1. Before rounding to the nearest 500, sum -39500 (n - 2.57) across all DSSP H runs of length at least 4 in the chain and divide by the residue total; then give [θ] at 222 nm in deg cm²/dmol.
2. At a 1.4 Å probe radius, which order do Ile63, Ile299 fall into by accessible area, largest first?
3. What is the antiparallel percent of DSSP beta bridges lying wholly in the chain, to the nearest 5?
4. Past 23 Å, Cα to Cα, is the threshold; run Lys8/Lys100; Lys8/Lys33; Lys33/Lys174; Lys255/Lys308 against it and keep the listed order.
5. I want the antiparallel fraction of DSSP beta bridges within region 179-336, as a percent rounded to 5.
6. Taking a 1.4 Å probe, which of Arg239, Arg254, Arg175 shows the most accessible area, and what order do the others take after it?
7. Given a 1.4 Å probe, how much area per residue of region 177-336 is accessible, in Å²?
8. Determine the share of the chain's accessible area contributed by carbon and sulfur atoms, expressed in whole percent, with a 1.4 angstrom probe.
Amino acid sequence: MTEMTLGKALGAGLRQAMRDDDKVVLLGEDIGKLGGVFRITDGLLDEFGASRVIDTPLAESGIVGMAVGLAFRGYRPVVEIQFDGFVYPAFDQIVAQVAKLHYRTQGRAKMPITIRIPWAGGIGAAEHHSESPEAYFVHTAGLRVIAVSNPEDAYRSLRQAIASDDPVIFFEPKRLYHHKGEVDLAAPLADASPMGLARVVRAGSDATLITYGAMVSTALQAADAAEDEGISLEVIDLRSLSPIDYDSVAASVRKTGRVVVAHEASREAGVAAEVIASITERCFEYLESAPLRVTGHDIPYPPAKLEKYHLPDLDRLLDAVDRVLDRPNSLTGADA
């Protein structure tokens, strides 16, 4: 096991994928000589050369369009979108081409494209640098959507995404880039947990707290705090947002009977709404109280000085837990 940051784990995953398959090519703004704005691709240009680590113009639609052409020619392109809010110019290519070409060609064309997106808030960044656009892509048939929360998962899931013949939107929580964890660089990829499975990161019995990305760390902190009050929370890291592993989710809900779903993205039509709707369909007779959401507010992402009021925090999570447990002293309202 090797201790490394989440950012370094992503770089290690890219390096290993490129060593394993010479058809893997990287495309993005400033990913070559600079090593990317977050230095995820640092050193890869020196090892693999400019024909496989390609610095592109500032044109996200063109970058993804180039990846589509490369995929048609048998390559496995890995696109870096420099910041989450920069993905929107590429939206047409992703939704109209990347997600549909396999279906449109009746399986004759594969789109083994991985689109890496540094994602979500918590770093005090300017507008367009702290977006949470995952719901747009979850709603789009033909895409896999992955959100990692720790270095080991970042390393394994990125390699799995690149090896997959499906197009993958790969969300990386940028505020965790410098968080450290143990990574097994030597374990065979075949031994890793499948890319689409959720993971119970903390077992519990009183309520289920479901989340993904950077919010997993916040959820674990909430579970620690709740334990001091005698409350046992089960924390589930979804890992995959499309498809969602509803078997693991349902197994937990049937055990606890109470659910809180959390994410940084806005509440309206977010991933939490879909998860709660599916839980209600599958587990209605097991529920002891109405499931609740804890999300970002339905506003454009706020200025850096105000983002702490926007991002779900420990207090908002614990308040929702109090409400699903019908404990006193909780705030009012249907969702937090």
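The values are calculated or read from the model by the stated rules, or taken from the named source; none is laboratory data. Small disclaimer: the values here were computed from a predicted structure and weren't measured. Cβ coordinates were reconstructed from backbone atoms using ideal geometry, including for glycine residues, and neighbour counts include every protein chain displayed. SASA here: full protein model, heavy atoms, side chains in, ligands and nucleic acids out. Shrake-Rupley method; radii C 1.70, N 1.55, O 1.52, S 1.80 Å.
1. Details: 11 runs with 107 residues, N = 336.
Using -39500 (n - 2.57) per qualifying helix, the result is -9500 deg cm²/dmol.
2. Details: Ile63 5, Ile299 80 Å².
These residues rank, largest area first, as Ile299, Ile63.
3. Working: 9 of 42 bridges.
If we restrict to bridges inside the chain, about 20 percent are antiparallel.
4. Details: Lys8/Lys100 32 Å; Lys8/Lys33 17 Å; Lys33/Lys174 21 Å; Lys255/Lys308 33 Å.
Result: Lys8/Lys100; Lys255/Lys308 exceed 23 Å.
5. Numbers: 3 of 15 bridges.
The antiparallel fraction comes to roughly 20 percent.
6. Details: Arg239 5, Arg254 115, Arg175 70 Å².
Highest to lowest solvent-accessible surface, that is Arg254, Arg175, Arg239.
7. Values: 7530 Å² over 160 residues.
I get 47 Å² per residue for this part.
8. Numbers: 7450 of 14440 Å².
Here carbon and sulfur together make up 52 percent of the probe-accessible area.
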